[in-house]
Structure formats: structure tokens, C-alpha cells
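**Q** Below you will find the structure I want to go over with you.
Every read-out reported here was derived from the displayed coordinates using simple, explicitly stated rules and does not represent laboratory data. Computed from a prediction, not measured in an experiment: that's the story for all the values here. When we count neighbours, we look across all protein chains shown, and the Cβ atoms used for this are built from the backbone with ideal geometry, even at glycine.
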2 protein chains.
Amino acid sequence: MLNESINAKIDSGMQHLVADLQRLIRQPSVSAKNEGMTDCARLVAQLMEKAGIQTEVLTLDRQGDRKKKDIPSVIFGEVRSKTNPNSKTLLFYNHYDVQPVEPVELWKEDPFSGKVSGGRIYGRGSADDKGELITRIKAVEFLLKKYGDLPCNIKFVIEGEEEIGSIHIREYLLKYKHKFAADGVIWEFGYVDNNSRPIISLGMKGLLYVELVAKGPIRDAHSSLAVLIENPAWRLVQALSSLRSTNGEILIEDWYKEVRQFTREELEIISNEPFDEQEFREQHGIEKFVSNILGNEAKKALVGIPTCNIAGLNSGYTGKGPKTILPSSALAKLDFRLVPDMNPKTQVNRLKNHLKRNGFGDLIEIGFIHGERAYRTPIDNPMLTTVKDSAAEAFGSNPIISISSSGTGPMHSFATILSAPCFSVGSTYVFSQIHSPNEFTRIDFLNKATKCMARIIERFGTVGE
Amino acid sequence: MLNESINAKIDSGMQHLVADLQRLIRQPSVSAKNEGMTDCARLVAQLMEKAGIQTEVLTLDRQGDRKKKDIPSVIFGEVRSKTNPNSKTLLFYNHYDVQPVEPVELWKEDPFSGKVSGGRIYGRGSADDKGELITRIKAVEFLLKKYGDLPCNIKFVIEGEEEIGSIHIREYLLKYKHKFAADGVIWEFGYVDNNSRPIISLGMKGLLYVELVAKGPIRDAHSSLAVLIENPAWRLVQALSSLRSTNGEILIEDWYKEVRQFTREELEIISNEPFDEQEFREQHGIEKFVSNILGNEAKKALVGIPTCNIAGLNSGYTGKGPKTILPSSALAKLDFRLVPDMNPKTQVNRLKNHLKRNGFGDLIEIGFIHGERAYRTPIDNPMLTTVKDSAAEAFGSNPIISISSSGTGPMHSFATILSAPCFSVGSTYVFSQIHSPNEFTRIDFLNKATKCMARIIERFGTVGE
């Protein structure tokens, strides 16, 4: 009955949820470019205060430490249960920053339009992560409006650097460890598949992000001199091609040494996971997968195979026409996805040694941009039942359990510093083009995810786990 | 005596030469971007008319052929000798277009400033090729002012597409073959070495310029999907690394098949050519040459070794911060320098076959941007003496003879269509940073080159070769 009544409240409040999400989308917050971050943090805090959440803007500022001044704030929110103040505490982890919008020319609308069309809301951050964030704020707001209280304590930790690798969240977690203390964490996103089935994910891959820079002559030279001057773009191409085989295998010595093997239980979960390969290929416009893998191998890859990806390449003249130069430098941006129990610091040293051993030590500079360890919440954690049952009710279909997302987040830091299990569940349609042009969110999934969050709060406060 | 007196005229007219060159530099004319081309053509024609050269602006326009409308004009100029109308005809080939200025941020001044400082004039085109052009116009102007006539017939052919591979000069040469008829061609540039010695070059390398494009997913994807989606940047890197060994050797089958071997005479000329390796390395900020070649091997490479050069690379996100995407496409711009008797059309087919055979046929699109054959004027051509003696007098030191420049130009078309020998001689200091930021020309060399051109005209009209 409780459930029915909050669902009606959520349904009747959807236009407010959509309007608030549009406000969030229209406020750019591109952490990679430090664009709009302070204004967006202020807006998020306003929306939370309006929802009845006590809000605080946290920083890492220390007197005299000017370097910390430009670090985006973390917005902390809290609602203590009046009737049940000693109950467990549920923490929502989200982020208010978004990916850069490039390539701008491929957007059909202004990337920050928040345009509603065909049951979708368009714009950078509409799904990742402003769409997810609004469902959680609104779930709390609707529950408070309906009952004047929550059945358990709630916390929000909303950071501004998720899209640049959550560079400082570990420092925030260590500094505010007691303030953030919680018994369970709802992760910042959760996917919903093509058949409206929610996917509950228990883990995240890790990440190592580096820049490789090859240096050549002190300035661009006339390309006729390529007979004598070593071209840094060639050096970079040679270095890169030594890192990975054509079938995706990483050729750096000991790269896979610490990779944790799947348990029999994990393999069973993977094999039970549905995965519409054909739909995936159609959505991305590809004909086959890397190394021609299929079926279960593709699913295992998403969950637990490390990658080496070229995120960007730049050198010389790339405009129209035949400019004949020999560039003075060449840049590659690389991201390596890691799995348990790989350590980014160990891996970057292996990369450096590999380049040295292969004769690239003199020319290639390695910029360590970010490292993050992988994490998986154990599949026997009792909170999984709460999350699973809530998602099943809200979405009206059996959730899919995934032992890990293919993406990366600071789950290892949250889980180990707060000693709390982490669960990804939310509103993001798997084909909503996050990180790409024309990102959108589905309003039907925002509605169901809000109901799911309300149900998790209700259960978390009443079920004695 | 004739010589002394025109030299005095040139010395006293230098400030006008510098001012006219500044006007030319300040008028951008970037053919790759179709920027300022018409205005620059008009300015060149004005300066020529002012010099007493009868000028005509030629086009490839044909009624109804709209595609030809955007092709830059060729400026044709002519002075017929009054006293010697049946004399031989000397043709000056030059170009009024310049390279793009990118990377703009490395210029210390506005790239089109024409700033005079320390005996140099700075700006894009100051050396290549507006500096060369002005010495030839002024040589004619000073001779006409002094004597009211020239001892031989003179023609100018000044094109606007040299920096984009002289795409239409062959068509112009074929269309205006009779108008352009000449007995000898002074090529658009000529180098002067670090010891103020003019370098007379008898040849040019050829060029094949292509774009390779690898296509991946229909839009940029989240890089976590790199476990399944083939990354086009990897495909491109793999394709590129199959083209060339680390020591510069091109690995495409039959690439070197038609390469003409050096004759014993050519090898002797090469071995007599001075080449300050240390100075070259210092100017370019490099420690060693490709494949560690030295001495005579380095000189042979400049004159006669084919190259495969990466002029540009572009893919994905190359800005600040760790954007984690899997790009939807990747681009490489490649230029291959060719030597006699390689044919660009044959070579591009070999490249295509190579990519197909190595499994890149499905993904890589090859855009053929331009092809140009190499050419060498035979070293026993009698006009060489005229050019050599004139340069020796003007520069006050023995010219260096080179059998070929390392650069490319349409010499093969001029030499074969007009049946005329071609000689490179001019004012460009070897370290004047052509095609690079902060291009400059040396005023002392402009002065000497103008004297050299005047002397060539005088000799060409009087020596019965």
C-alpha cells in the first residue's frame, strides 16, 4: 500500500522532475574544461535544499594550499530519520560534472538544450549523470512530502570530477570519512536494457589513463627533410603498435599477471546475463566484435577483460589540402581498463619499462593522467536482495545481475574506505549515447528509477539485514 | 661595367624591393584554405605592371564548367626585347600562394606582419615564395629603368597552387603551351647555404600525397566498449606501421622498382656538395639522422631517396583531461617523396594493394590528394654555365651544384611540356623556416639574388648558347 501511494505521488510529480532535470542540463558543467562547475554545484545544492535535504558544499581547501582551490566541490546532503534516527544509513553517490560535448558538429540540438521530444530528454548529462541524480533527489523529496520523514538515514555524496577520473574523491573520502559513513552505497548510475530490464551491477573496472608524447625536431619541418629527420608521428605509431596485437591482446610484459580469474559462481551469473549482440552491433554500426568473439566470450569481455584503447591521436596538419610537413611532436591519449586485482601504479611502470625495452625510452614522455583500481561487491552481500526486489517492483521485470560494469568509477575507494557494499542501479538506457553526441535519457526510465530509489529507501529502513 | 652599374641600381632600390615584399606578405594567400587568393593575384599583377611587365591573368574557366571557377588564376607576364625580339626566351616560374600558418601559437609576430628586424623580413611567404618572386620582378624592373629594354625576351608564369601540389599547373601548361614557350626556366626557389653560397639545383623529387581514413562505430563510443568494438585509431596505427620500417625503409611491395640509380657523374657531384651536418642538426634540434646515416649517405638521401612521411594524424579527443572515448574514425595524412622514374599512379596502386593484402582493405579509405613525378635537368645542359657564372658573380662565391632538391615541384611538367631545361637558383636561406612558424628571408640574400637574376637575363640575351 505504501508502495502504491508513493508511486502515484511520483507519477503526478514527473513534470517537476523533468523541469528540474532540464535546469541541470542547461547549466554546463564540463570538468575537463573547468566550465560552469561552481554554478552547477550551486544549482544542485539549491535543488537538494528544495527537496528537504540538508546540504553542505565541501572542499579540500586548506589555508595556503592554493593548488587545492580549483578542485571542484563535493556536495554533501543528509536527511536523518526522525522516527528512526539510529537506523542504517544509505548513501547515494552521484556526480554533477559531464563529459565534453565534442564533436559539437554532430549534435542535432544545442548540447545543453534539455529538449524534450518523443519521451526523451536530450543534452549532455541528461543520462550521465544528471538524469540519475534527479531520480534520487526526487525520490527523497516525494517521500518527505508524502510522509514528512524517511524510514532510514540518507546521505548524498555528489562529486564534480567523475568524468575526469574522480581524481580527488579518494582524498574527499579520507578527509570526510566519518561524515560519509554509511551501510550501503547506491552507485551513480544503473543501466536499463532494451527490454526495459534493470541491470544491477556489483562492480566497476579500473582505469589507467596516460598521454604518450613523442618529440621530434624543435619545430615542424618541411617534409622533404623526412629522409634525415626522424618523424615523431612515426615513433608514436611504432610505439603504439608494440602495445597491442590486432586481436586486442596487450603485449606489455606481465600486464595480465594479477588479473583475478572468474569464480564458478561469477561465470554462472555471466552466462545467465542476456546480451543482445545483434542489437549492440546495430546500435554502434559495426559488423563484428574485436577478435571475432561471440556470445559468452563477449559477455566475459565486458565484465572482466582488460583493454588498451586509443582515445585520441594528434600530430601535424590535419586540415584540408596537402600540407607537407614533418611535425615536431605527436600525441596519443590512451586508456587501459583494469580488472581486479590490477594496480594502476604497477601497470604504468610496466608500460614505461615496455617502451624503454623496445627503444622508445628516449623519445616518448608518459604523462600519468589517472589511475583507479577495479572493485566487485561480493555477490553474496545481503543488500543485493533489497536492491533486486525494489528494482523488480519498480520496473515490473526481473533485474539482470552483472558482476561488473565495463566502465570505471571509484568504487574501490568507496567500498574500502567506507566499508560498505556498492550497487549500481538506475535509469540509464543502454543505448542513450552517453559520452557521445545527442545523449538522451528516457522519461519512462526516469519514472521507474525514481520509484526504485523510493522503494530501496523504504526497504532499507525496515528490513533488518 | 654593365654589371657594376645595374648592381648599383639594385643596391639603391632595395628599400622599394623590401616595401613591395612587405605588401605581398601582408596579403594572405593560403591556397589550402582558399584564403585571399584573388586579392593576392591582383596585387602581384599590379606590382608586375608597375615594373613594366605586360601582365595577364589566366584561368582554366570554360563556359558551363563551374568546377574550374575556384581554381586560382595563373599570372602571366611578358617583356619582349625591343632591340633583340628574336632572342631566346627566359621563363621565371614562381607562385603567389603560401602554406597555412598553423600552428599559429608558435609565431612570435602576426604570421602576415612582414616585420623587418635584424636584416630579416618575417612572415609566411617571406621566403617561400614571395621573397623569390620579388627579386625577379625587381631585376626586370631595375634593368628596364636603367636601359629601357631587355637583352632577351622574358616570361613570368606565377601560379597559385604550388603549396597544394600545383594541382592544375599541368593543365595550364597544356592549355597555354604556346604562350609559355621558352628556352630555359628559372625555377621558383633557390637555396643559399650557411656560408652564403648559392645552391643551384637541377631537379625536384616527386610526390604522392594521400589521406588514410579508418572508420569504426557510427559515432564515438564509450571507451569501456573497447573490449568489443574495434577502434579505428588502432586499425590506422596498425596499417601505418606496416608501411615503413623503423629505419625509414618503405615496406610496400615493389615500391623501389623503378627508382633510377645514380650515375657515376651524379655521385661525384653529390660527394663534392658541402653539407654541414652539425649545423643542420642544431637548426632542427635533433641528435642524429634517420637510421643513423652520416656524410655522403645523408647527402644521397636528400637528393635521391624516397620517403614515406606522416604529415598529420587525427582521431578522437585530443584536448585536456582524460576523456574516455572510442573514436568513430581516424585520419592520417601521408606524403611520399618520389624520385625518377617512379610514377605516382603506379605507387598509389601499390599502396592500395599493400593495404588490401595486409587486411586493411575493408576499413581504410585512401584519398588520392596529389601526385607529381620527379625530374632532373641533365647536368651537361649548356645553360648551367650561364646560371652558375651569374650566381658566382652575384654571391661572390662558387655555387654548389645539386642534382636535385629534396622538395617537390612540377618540374617534370615544365621540362617535358615546354622542352626547356629548369634551374633552381634564388634567395632562400636554408634555415629560413619555410613551411614553419616564424618564416623569414634575409635581406642580404634578396639583394644578391636580384643581382643574380639581372645577370642571368643579361647573359641569356648575349651568350649564344
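**Q** Over the alpha-carbon set of chain B, work out the extent along each principal axis and list the three values in angstrom, largest first.
**A** On the principal axes, chain B reaches 79, 49, 47 Å in Cα extent.
**Q** To continue, here is another question. Just order B:33-40, A:185-192, A:140-147 by mean Cβ neighbour count inside 10 Å, highest at the front, would you? All intermediate terms of the calculation are to be shown ahead of the outcome.
**A** Details: B:33-40: 17.1, A:185-192: 25.6, A:140-147: 19.8.
Descending mean neighbour count gives A:185-192, A:140-147, B:33-40.
**Q** Would you kindly work out, in nm and rounded to one decimal, the distances from the label point of B:Asp61 to those of the same position in each other copy, ordered shortest first, with label points 7 Å along Cα-to-Cβ?
**A** When each copy's label point is compared with this one, the spacings are 6.7 nm.
**Q** Let me ask another. Per-residue Cβ counts within 10 Å, from other chains only, averaged over A:244-252: what number is that?
**A** The per-residue average across the peptide is 2.
**Q** Take each of the peptides B:114-126, A:450-462, average the number of other beta-carbon atoms within 10 Å over its residues, and list them starting from the highest.
**A** Listed from highest to lowest mean packing, they are A:450-462, B:114-126.
**Q** If you take every DSSP beta bridge fully contained in the protein assembly as shown, what fraction is antiparallel? Give it as a percent rounded to 5.
**A** 75 percent
**Q** Over the Cα atoms of the range A:205-302, what radius of gyration and what Dmax do you get, in Å?
**A** 20.1, 61
**Q** Any idea what diffusion coefficient the range A:123-238 gets from Stokes-Einstein, in µm²/s, Kirkwood Rh on alpha carbon pairs, 4 °C, 1.567 mPa s?
**A** Numbers: Rh = 19.4 Å.
In µm²/s, the coefficient is 67.
**Q** For peptide B:303-310, compute the average count of partner chain beta-carbon atoms within 10 Å of each residue's beta-carbon.
**A** 6
**Q** Label-to-label distances across copies for B:Glu297, with labels 7 Å out along Cα→Cβ, in nm, shortest first?
**A** 4.5
**Q** Counting Lys and Arg as +1 and Asp and Glu as -1, each charge on the Cβ, what is the dipole of the range A:313-465 about the Cα centre in debye, to the nearest 20?
**A** Computed about the Cα centre, the dipole is about 560 debye.
**Q** What fraction of the Cα pairs in the range A:246-361, stated in percent, has a spacing above 20 angstrom?
**A** More than 20 Å apart: 60 percent of the Cα pairs in the range A:246-361.
**Q** If you take the charge dipole of chain A about its Cα centre, with +1 on Lys and Arg Cβ and -1 on Asp and Glu Cβ, which of A:Gly184, A:Leu302, A:Gly361 is farthest toward its positive end?
**A** The one lying farthest along the dipole's positive direction is A:Gly361.
**Q** How well do other chains shield peptide B:156-169, expressed as the mean number of their Cβ atoms within 10 Å of each residue Cβ?
**A** For this peptide, the per-residue mean of nearby foreign Cβ atoms is 1.
**Q** Ranking request for peptides B:78-84, B:315-321: highest mean number of other beta-carbon atoms within 10 Å first, then the rest in descending order.
**A** B:315-321, B:78-84
**Q** Treating the point 7 Å from Cα along Cα-beta-carbon as the label, what are the nm separations from A:Asp341 to the other copies, to one decimal?
**A** Shortest to longest, the spacings are 6.9 nm.
**Q** Report, in degrees rounded to the nearest 10, the 0 to 90 angle that the Cα long axis of helix A:344-357 makes with the longest principal axis of chain A.
**A** With both axes taken from Cα atoms, the answer is about 10 degrees.
**Q** What whole-number distance in Å separates the alpha-carbon centres of the range A:419-444 and the range B:392-465?
**A** Taking the Cα centre of each part, the range A:419-444 and the range B:392-465 sit 65 Å apart.
**Q** If you wrap a convex hull around the alpha carbons of the protein assembly as shown, what volume per residue comes out, as a whole number of Å³?
**A** Expressed per residue, the convex hull around the Cα atoms of the protein assembly as shown is 173 Å³.
**Q** Can you give me the convex hull volume of the Cα atoms of the range A:44-130, divided per residue and expressed in Å³?
**A** Measuring per residue, one finds 159 Å³ for the Cα hull of the range A:44-130.
**Q** Quick one: Debye curve from the alpha-carbon atoms of the range A:315-465 only, equal weights, vacuum; give me log10 I(q)/I(0) at q = 0.11, 0.12 Å⁻¹ to two decimals.
**A** The Cα Debye sum returns log10 ratios of -0.68, -0.76.
**Q** At A:Asn296 and B:Tyr256, where each label point lies 7 Å from the Cα along Cα→Cβ, what is the point-to-point distance in nanometres?
**A** According to this spin-label approximation, the distance is 5.2 nm.
**Q** Where the centroid of each part is defined by its Cα atoms, how far is the range A:1-40 from the range B:126-154 in Å?
**A** 73 Å
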